[in-house]
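The values are calculated or read from the model by the stated rules, or taken from the named source; none is laboratory data. This is a predicted model, so every value here is computed, not measured. Glycine also receives a Cβ, built like all others from the backbone with ideal geometry; neighbour counts cover every protein chain displayed.
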Amino acid sequence: MDQDMSRIGVSLPENLLEKFDKIITKRGYSSRSEGVRDAIRGYIRFYDWMGEVQGERIGILSMTYEHSRRGLVSSLLDVEHEFATITRSTVHVHISNDECMEVLILQGDGKEVKAIAERIMALKGVKNVKLTTIKPGQEA
Ligand code: NI
């Protein structure tokens with residue numbers, strides 16, 4: 001390999017690492033490092049894609065979260081209210097005693113759609129955040 005390599009140490013919850021290891025084994029990665037490099041590349045691609053979300057957009061933002069985590073529901077509601085003008089609808093599903101799924105249907109400026117997604121992603125206890133956006137009127 002020609003590129004200079006840097007070593008990093010990362011602390012992870014054990015169950016997260018176990019799941020990651022299972023996936024990299026199934027996918028045939030030669031090492032955990034190769035899997036981590038790929039995951040980071042995917043994260044960067046997603047970040048770049050988010051940068052291209054601009055102009056009028058319809059967005060679907062989905063997530064799961066631990067509703068018993070102190071302060072989380074209130075922080076989440078604060079963010080949702082802050083972006084009330086672009087929120088068309090929300091769907092809430094109680095998945096288990098502790099876990100909720102929420103889907104927000106958004107419409108408005110792409111920068112705002114991206115901003116609410118980034119704010120929600122940054123909340124501790126929110127997981128599996130996915131954002132899909134469509135340009136209204138765009139031919140397939
Ligand atoms: Ni719930």
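For segment 127-137, indicate whether the set of residues that are under 23 Å from Pro13 (Cβ atoms), surrounded by 16 or more Cβ atoms within 10 Å (Cβ to Cβ) and within 13 Å of the ligand (Cβ to nearest atom) is non-empty. Looking for residues that are under 23 Å from Pro13 (Cβ atoms), surrounded by 16 or more Cβ atoms within 10 Å (Cβ to Cβ) and within 13 Å of the ligand (Cβ to nearest atom), one finds none in segment 127-137, hence no.
Quickly run through segment 82-93 and pick out the residues that are away from the ligand (no atom under 16 Å from the Cβ) and either in a strand (DSSP E or B) or closer than 11 Å to Ile60 by Cα (or both). Selection gives Thr87, Arg88, Ser89. When Ser75, Ser33, Ser62 are screened for being away from the ligand (no atom under 16 Å from the Cβ), outside any loop (DSSP other than H, G, I, E, B) and either under 18 Å from Asn128 (Cα atoms) or small (Gly, Ala, Ser) (or both), only Ser33 passes.
The requirement of being surrounded by fewer than 11 Cβ atoms within 10 Å (Cβ to Cβ), within 16 Å of the ligand (Cβ to nearest atom) and not polar (S, T, N, Q) is fulfilled somewhere in segment 94-102, by at least one residue. Cβ-Cβ contacts under 7 Å between residues 6 or more apart (or on different chains), taken from a first residue in segment 83-94 that is closer than 18 Å to Arg119 by Cα to a second residue that is hydroxyl-bearing (Ser, Thr, Tyr) and more than 16 Å from the ligand (Cβ to nearest atom), are absent. So is Ile24 in the same structural domain as Gly125 (by TED's automatic domain parsing) and in contact with a Ser or Thr (Cβ under 9 Å, 6 or more places away or on another chain) or not? No. In this structure, is Val10 surrounded by 13 or more Cβ atoms within 10 Å (Cβ to Cβ), at pLDDT below 95 and aliphatic (A, V, I, L, M)? When the stated conditions are applied, Val10 does not pass them. For Arg119, the requirement of being surrounded by 14 or more Cβ atoms within 10 Å (Cβ to Cβ) and of a type in the set (Lys, Arg) is met. Gly137 falls short of the stated requirement of being touching a residue at least 40 places away in the same chain (Cβ under 8 Å) and on the phi > 0 side of the Ramachandran plot. I'm checking my understanding of the structure. Among residues of segment 36-59 that are of a type in the set (D, E, K, R) and at pLDDT 90 or above, which one is nearest to the ligand (Cβ to nearest atom)? Ranking the candidates gives Arg57 first.
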